Amino acid sequence: MKYRRLGKHGLEVSELSLGSWVTFGNQIDDRLAKELMVKAYDSGVNFFDNAEAYAMGQSEIVMGENLKQLGWPRDSFVVSSKVFWGGEGPNRKGLNRKHVMDACHNALRRLQVEYLDLFFCHRPDAHTPIEETVWAMNTLIQQGKVLYWGTSEWSAQQIMEAHAFARQNCLIPPAMEQPEYHMFHRERFEAEYADLYTHIGLGTTTWSPLNSGILTGKYLKGIPRGSRLSLESLGWLKDKLLEGITEEKIHKLRELMILAEELELTMATLAIAWVLKNPNVSTVILGATKMEQLEENLKAASAVELLTEEVLQRIEDILQNKPVSIEW
């Protein structure tokens, strides 16, 4: 396992990390969740990602209990949470100052830690001024409850607005963004954010490197029993993803699978290694429902060296979706 700086910042995160979206407190039992965390940690993973919205807080409870039982030194791991969807009713969602503060305190309680290493604004909030959110995050950092704050799925313009306001008022700006990034979803990461990596030193904790399993090829013959798309509670995700599986994407995926076989890699390992190859990626968040799945995905760290310029060009020739950078 190698470690990368979080953008321009001094914090080092493992290039592969473990997330808990739709798995902890939902798709897998608590015993397996603990075993996956142990496997990841023993493999060099030091970043564990979570959010208040995951299983309505239960994901953080499961992870927190595991952290307590395992007794890892606090300086040996990085843990995150995200704020936006806290529940129904006024002031239980969004990025207003009250909910940001409440969400942080709730995350600390559920994760059983004294501080969050990373705290993300899970989505932009059209009903709360960015200035209010920046002030709230700065307060949490000053109180020692959060070390770094960032955004998730914010536009480049919104990130720059938050950064500019923070600088103008001697506050702490967002350090990182958590975007979706994979072979079939490149525009925002590679084009819209392109100038932010050097201009403000933006770090990135990317999610869904396998397009929720699409890039493994397992859905080419239908939906396997036990997969996330087979869960009734994730019907919305199933509809969204299956709608986007066009004949063109299926053709590209089959071509990529042939390339992966030539390299003696699984399609999943190739897809994750491709994301890792991008130097603007600080860490790739993995999700797993089986031990063998996590073990296979962790191999991506050593598979990166197989992605030579020639191989990368072959991938580009298959994908035909390289975006054009946007200058700010």
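The values are calculated or read from the model by the stated rules, or taken from the named source; none is laboratory data. It should be emphasised that the depicted structure is a prediction, and the values quoted were computed from it without experimental measurement. Neighbour counts are summed over all protein chains in view; Cβ atoms, including those assigned to glycine, are modelled from backbone coordinates with ideal geometry.
Looking at segment 17-25, can you tell me whether even one residue there is buried (at least 19 other Cβ atoms within 10 Å of the Cβ), modelled with pLDDT under 95 and β-branched (Val, Ile, Thr)? Checked against the condition, which is being buried (at least 19 other Cβ atoms within 10 Å of the Cβ), modelled with pLDDT under 95 and β-branched (Val, Ile, Thr), segment 17-25 yields at least one hit.
Taking the criterion of being in contact with a Leu (Cβ under 7 Å, 6 or more places away or on another chain), without any contact (Cβ under 8 Å) to a residue 40 or more places away in the chain and either part of a helix (DSSP H, G or I) or among the polar types (S, T, N, Q) (or both), the residues of segment 254-283 that qualify are 260, 270, 273.
Being out of contact with any Phe, Trp or Tyr (no Cβ under 8 Å at 6 or more places or on another chain), of a type in the set (A, V, I, L, M), more than 23 Å from residue 296 (Cβ to Cβ) and assigned to a helix (DSSP H, G or I), is that true of even one residue in segment 53-63? So far as segment 53-63 goes, yes, one or more of its residues are out of contact with any Phe, Trp or Tyr (no Cβ under 8 Å at 6 or more places or on another chain), of a type in the set (A, V, I, L, M), more than 23 Å from residue 296 (Cβ to Cβ) and assigned to a helix (DSSP H, G or I).
Of all residue pairs spaced 6 or more apart or on separate chains, those with beta-carbon atoms under 8 Å, a first member in segment 157-171 that is over 11 Å from residue 134 (Cα atoms) and a second member that is buried (at least 17 other Cβ atoms within 10 Å of the Cβ) and aliphatic (A, V, I, L, M) are 158/130; 160/196; 160/200. Let me spell it out: the conditions are (1) acidic (Asp, Glu); (2) within 20 Å of the chain's Cα centre (by Cα); (3) in a loop (DSSP other than H, G, I, E, B), and residue 114 meets all of them except one. Which number is the exception? Of everything listed in (1) acidic (Asp, Glu); (2) within 20 Å of the chain's Cα centre (by Cα); (3) in a loop (DSSP other than H, G, I, E, B), residue 114 misses just condition (2). Look through segment 178-199, keep the residues that are among the hydroxyl-bearing types (Ser, Thr, Tyr) and out of contact with any Pro (no Cβ under 8 Å at 6 or more places or on another chain), and return whichever of them is farthest from residue 284 (Cα to Cα). Restricting to residues being among the hydroxyl-bearing types (Ser, Thr, Tyr) and out of contact with any Pro (no Cβ under 8 Å at 6 or more places or on another chain), the top hit is 198. Within segment 117-140, the set of residues being part of a helix (DSSP H, G or I) and under 15 Å from residue 163 (Cβ atoms) comprises 130, 131, 133, 134, 135, 137, 138.
Residue-by-condition table, conditions (1) basic (Lys, Arg); (2) closer than 30 Å to residue 274 by Cα; (3) surrounded by 21 or more Cβ atoms within 10 Å (Cβ to Cβ):
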site	(1), (2), (3)
5	yes, yes, no
9	no, yes, no
12	no, yes, no
33	no, yes, yes
41	no, yes, no
46	no, yes, yes
49	no, yes, yes
66	no, no, yes
106	no, no, no
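Considering segment 1-18, the residues that are out of contact with any Gly (no Cβ under 7 Å at 6 or more places or on another chain) and assigned to a loop (DSSP other than H, G, I, E, B) include one that is nearest to residue 209 (Cα to Cα), namely 15.
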